[in-house]
Amino acid sequence: MSTPSSTRWLSSGQQKVWRAWLDAVARIDSHLDEVLRPFGLDLGEYEILVRLSEAPERRMRMSDLADAARQSRSRLTHTVARMEKKGLLNRVPCANDRRGVIAILTDEGFGLLETAAPAHVDSVREVLVDVVDPADFEALGRAMNAVNQVAD
């Protein structure tokens, strides 16, 4: 653990970039949630629908889905239960592991994803892609890939 005397404090410029990042992430998430609200979804639910739609047979083990959707297993369980009540997905026991559970995207869930996707993609463009210079967007991608390479 760092002590105050050994801490490498952020420079003024680094602090500005860090705070701009935090503000932008909050703004982006808020905007994306707002656009998805009329579809009865939030960004976390939308991500679950996307991940399931891209999985073979539109099904994933819950633990893998939690990792893919960047949610804790506990949070995912609550979100999936809510989505299951809406008919967007089903959960079934894993055939080869009695402790495992598989989430399966329903036709209704896939249909909702197809309906919401154009508005979501437009909102991603509106809040990020189209407001950032293409070279800066590529640099952002490189920066985020570097962050994602850091081991937990």
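The values are calculated or read from the model by the stated rules, or taken from the named source; none is laboratory data. All values derive from a computational prediction rather than experimental measurement. Cβ sites come from the backbone with ideal geometry, for glycine too, and all protein chains shown count toward neighbours.
From the set of residues in segment 60-69 that are of a type in the set (A, V, I, L, M, F, W, C) and not in a strand (DSSP E or B), which is farthest from Leu36 (Cα to Cα)? The residue in question is Met62.
When residues in segment 45-59 are screened for being surrounded by 15 or more Cβ atoms within 10 Å (Cβ to Cβ) and either at pLDDT below 95 or part of a helix (DSSP H, G or I) (or both), 9 of them pass. For segment 89-116, the set of residues classified as more than 19 Å from Leu65 (Cα to Cα) and either in contact with a Pro (Cβ under 8 Å, 6 or more places away or on another chain) or not charged (D, E, K, R) (or both) consists of Gly111, Thr115, Ala116, listed by residue number. Quick one: is Arg61 without any contact (Cβ under 8 Å) to a residue 60 or more places away in the chain, under 30 Å from Val131 (Cα atoms) and within 18 Å of the chain's Cα centre (by Cα)? The answer is no for Arg61. Mind checking which residues of segment 113-152 are more than 17 Å from the chain's Cα centre (by Cα), touching a residue at least 40 places away in the same chain (Cβ under 8 Å) and closer than 25 Å to Ala55 by Cα? Thr115, the sole residue that qualifies.
Table: residues versus (1) under 21 Å from Asp23 (Cα atoms); (2) surrounded by 11 or more Cβ atoms within 10 Å (Cβ to Cβ).
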residue: Ser63; (1), (2): no, yes
residue: Glu84; (1), (2): no, yes
residue: Pro118; (1), (2): no, no
residue: Val127; (1), (2): yes, yes
